Every structure is written in structure tokens, then in C-alpha cells.
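Step one of this worksheet: look at the structure below.
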Amino acid sequence: MIQRPRTRTAFARSLWLLAGWVSLVLGLIGVVLPLLPTTPFILLAAYCFQKGSDRLHLWLTRHPRFGPLIADWRERGAIPRKAKRNAMIALIAVLVISWLAGVNLHIIGIQAAVLTLVALFILTRPD
């Protein structure tokens, strides 16, 4: 029996494209909005475009600003030092904002535990 390679349906490709565009827009907003991280959204956009559109995936991976970021992540799991710094600022800001907003201390404790694990992951990646 000959097996044909699976091809994505138009609907699945459309969902991947939508997810890619949403991620890309959030990443671009993160360039100017300090509390919104850019790097994870750009990486997610590249993944989504890889599933939904060869053309957009190539465009993003060859982009002069975002292409090297994607290549570093794929090759070495690396996160640029500036992205690490911004991520740490955002993590701390979340806790401070929660505290100032009067969020229950148990919830802040859970946030702190989760954000500590996220910070450890980010900080242990190569630059």
C-alpha cells in the first residue's frame, strides 16, 4: 500500500496563519511596550508560519531583525541578553503590580513560584 504524505487542510493552514499573525502582532507590540515580551511571540509566529505558510516562514526567518533571533533559538536554544533583561523586568513588574493591586498573598505566592521557574529557564539559556 502506498502512503501519501499528509497535507494540511486549508482550514488547518488558515488557523496556523491566524495564530502566526496574532503572535507576530503581539511580538511587534512588545517591541515598544515594555511589559509584553517580544521574543516568545516572534518564535511562536515562526513556528505557526512554518505550519501554515512557507512564504511567510521564509520571510520571517530571513528578516534582518528577527531572523537571527529565530536562528539562535533553533541552533542553540539561545536568548539574547537584552531579551533576558526585559523578561526579568516584566516578571518582577507582574509581581509588583499584583501586590499594588491588592491581590491575595496566596495568589502572589503562586505567581512568584511560577515566575521563578520561568526566570530560571530564561536565565539558564545561553546568550
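General remarks:
- Averaged over its residues, the chain has an accessible area of 71 Å² per residue, based on protein heavy atoms and a 1.4 Å probe.
- Accessible carbon and sulfur surface of the chain relative to its total accessible area, %, 1.4 Å: 68 percent
- The angle between the Cα long axis of helix 67-76 and the longest principal axis of the Cα atoms of the chain comes to about 80 degrees, rounded to the nearest 10.
- Angle between the chain longest axis and helix 105-123 axis [Cα atoms, degrees, rounded to 10]: 50 degrees
- Rounded to 10°, Cα long-axis angle of helix 39-52 versus longest principal axis of the chain: 20 degrees
- Using the empirical formula 2.2 N^0.38 Å as the baseline, the Cα radius of gyration of the chain reaches a ratio of 1.28.
- Label point distance in nm, LYS84-THR116, each placed 7 Å from Cα along Cα→Cβ: 2.0 nm
- Within segment 78-127, all pairs of alpha-carbon atoms sorted by distance into 10 Å bins from zero give the percentages 26, 47, 22, 5.
The values are calculated or read from the model by the stated rules, or taken from the named source; none is laboratory data. On a predicted model such as this, the values are computed, not experimentally measured, just so you know. Using ideal geometry, Cβ is built from the backbone for each residue, glycine included, and neighbour counts are taken over all protein chains shown. Keep in mind that these areas ignore ligands, DNA and RNA; they rest on the heavy atoms of the full protein, side chains included. Shrake-Rupley method; radii C 1.70, N 1.55, O 1.52, S 1.80 Å.
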